[in-house]
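Read through the structure below, which is laid out as C-alpha cells, and then see the notes.
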Amino acid sequence: MVSWQTLALEIYLRFNRLLSGNSIAFDIAKDRADAEAMASMFKPIDEIRCTPVNVDGIPAEWIIPEKEKSGRVILFLHGGSFNSGSIKSHRTLAGNLAISTRSRALLIDYRLAPEYPFPAGIEDAIKAYLWLLAQGVDPNRIVVAGDSAGGTLVLNLLIHLRDKQASLPAAGVCLSPAPDLSFSGESWKFNAKKDLLLIESKEQKSIDIYLNDVDRRSPLASPTYANLHGLPPLLIQVGSHELLLSDCEHFAEKAKSAGVDVTLEVWPRMQHEWQFAANFLPEGRRALSRIGEYVETIFS
C-alpha cells in the first residue's frame, strides 16, 4: 500500500497539471529556472558537506556525508532532459545518494543542449570518470549513478568504457533512466494519464534538440540499441506510473540476455524520480535505502 504522502503528492500533481492544461509549451530558459527553483523544495535526509572542485575544466562539487566510508565514490550525472539541471538543482539528490551509500559523491555540471548537443554530455561524463582514475581512485570503489537523462548518460558512459577496454566501475545505478530515445515502449501510451511529471511532446522536443539530427536509435545515444555484453552490474529503479517504464523493462531484458547482472525494481504507483522527494515520501527514503543496500553488496 502506498503512503498517504504519495496520495497527497498525486493530488497536488494532478491539480498542477489541470492548471497548466497539460501545456505543450517548450521553453528551455523556463525549464532551467524551474529546475533551480525546485531545488529549494527538497532537503537532504542528513548532514552533508559540499566543496567545489574543477574536474579537468568541468565545474563540479564533492558532496561528503558525515558517515562516509573511505575510498567510496559515487560519480553522479544529473537529469534534466539533456538541456537543464545543474549542481544546484541536484545537490540534494546526489547528497542523499551519498548518505545512503556512505560514499562521497562527485556531482558534475556537464554541458547541456542546445548550446552543446550530443555527444557533449557523454564526453564530459567520460572526462570526469577518467579524472577520478587519475586522482588515484580505485575503479572497483566507484559507482556511477544518475537520474533520468543522467541515468541514460550512466549507460552511455559504461558502454564507452567497455568499448575502449578501460577500467570499469564497480556498478551503475540508474533512477528512472531513458535508455531508448526513440520512446518506443508501450508505457508511452498506457501511462500517458498516470505520469504526472513528464509530458511526451516536451520530451520529444528535448530529444530532437539534444540529438541534433542524430538517429534516435543510434547505439551511441540510445543504450538499448548498443551491444551490452561485458557491462558491470546495474540497478535500475523506475515507477510503475512512468512513461519510461516499458523502455526500462526492455533495456533490462536485453541486458540480462547479454549476460549483464541487472536488478530492475518497479516501484508501485511511483512517479518519475520519486527519490527526489525523499524528505517527504517514505517511498523515496526506502528507495534510497535500497540503493544503499545494493551498493553495500557491490563494495563488500
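The values are calculated or read from the model by the stated rules, or taken from the named source; none is laboratory data. Model, not experiment: these values are computed from the prediction. All Cβ positions, glycine included, derive from the backbone under ideal geometry; neighbour counts span all protein chains shown.
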Inset, instruction - Could you please give the count of residues in the range 237-248 that are closer than 17 Å to S182 by Cα and in contact with a helix residue (DSSP H, G or I) (Cβ under 8 Å, 6 or more places away or on another chain)? - result: 6
Inset, instruction - Tell me which residues, restricted to the range 246-264, are surrounded by 17 or more Cβ atoms within 10 Å (Cβ to Cβ) and either β-branched (V, I, T) or assigned to a strand (DSSP E or B) (or both). - result: V260, V262, L264
Legend entry - Every pair of residues 6+ apart whose Cβ atoms lie under 8 Å, when the first sits in the range 13-41 and is in a loop (DSSP other than H, G, I, E, B) while the second is of a type in the set (S, T, Y) and modelled with pLDDT of 85 or more: I24/S201; F26/S201; F26/S206
Inset, instruction - Kindly establish whether E283 is over 28 Å from F118 (Cα atoms), among the acidic types (D, E) and surrounded by fewer than 18 Cβ atoms within 10 Å (Cβ to Cβ). - result: no
Legend entry - Top-ranked residue in the range 189-215 [being within 19 Å of the chain's Cα centre (by Cα) and free of Cβ contacts under 8 Å to residues at least 60 places away in the same chain; ranked as nearest to L19 (Cα to Cα)]: E200
Inset, instruction - Return yes or no: is P52 in contact with a strand residue (DSSP E or B) (Cβ under 6 Å, 6 or more places away or on another chain) and either in contact (Cβ under 8 Å) with a residue 60 or more places away in the chain or not in a loop (DSSP other than H, G, I, E, B) (or both)? - result: yes
Inset, instruction - Can you confirm whether the range 25-43 contains a residue that is over 17 Å from the mean Cα position of the chain (by Cα) and crowded, with 20+ Cβ neighbours inside 10 Å? - result: no
Legend entry - Residue list for the range 199-237, filter: hydroxyl-bearing (S, T, Y) and closer than 18 Å to V260 by Cβ: S222, T224, Y225
Inset, instruction - State which residue pairs qualify: first residue within 14 Å of L97 (Cα to Cα) and touching a residue at least 12 places away in the same chain (Cβ under 8 Å) and inside the range 59-81, second residue among the hydroxyl-bearing types (S, T, Y) and surrounded by fewer than 23 Cβ atoms within 10 Å (Cβ to Cβ) in any location, beta carbons under 6 Å apart, and separation of 6 or more residues or different chains. - result: W62/T51
Inset, instruction - All but one of (1) on the phi < 0 side of the Ramachandran plot; (2) in contact (Cβ under 8 Å) with a residue 40 or more places away in the chain hold for R269, so report the exception by its number. - result: (1)
Legend entry - the range 1-18, residues that are polar (S, T, N, Q), under 16 Å from D195 (Cα atoms) and modelled with pLDDT of 90 or more: T6
Inset, instruction - State whether one or more residues within the range 236-258 are free of Cβ contacts under 8 Å to residues at least 40 places away in the same chain and farther than 23 Å from N191 by Cβ. - result: yes
Legend entry - Residue in the range 41-56 that is farther than 21 Å from V173 by Cβ and at pLDDT below 90 present: yes
Inset, instruction - Could you list all residues from the range 155-181 that are in a loop (DSSP other than H, G, I, E, B) and either surrounded by fewer than 18 Cβ atoms within 10 Å (Cβ to Cβ) or modelled with pLDDT under 95 (or both)? - result: K164, Q165, A166, S167
Legend entry - Pick from the range 79-90, criterion touching a helix residue (DSSP H, G or I) at 6+ places or on another chain (Cβ under 7 Å) and under 16 Å from P44 (Cα atoms), ranking: surrounded by the fewest Cβ atoms within 10 Å (Cβ to Cβ): K88
Legend entry - Leading residue by the ranking (surrounded by the fewest Cβ atoms within 10 Å (Cβ to Cβ)) among those in the range 110-125 that are in a loop (DSSP other than H, G, I, E, B) and touching a residue at least 12 places away in the same chain (Cβ under 8 Å): P114
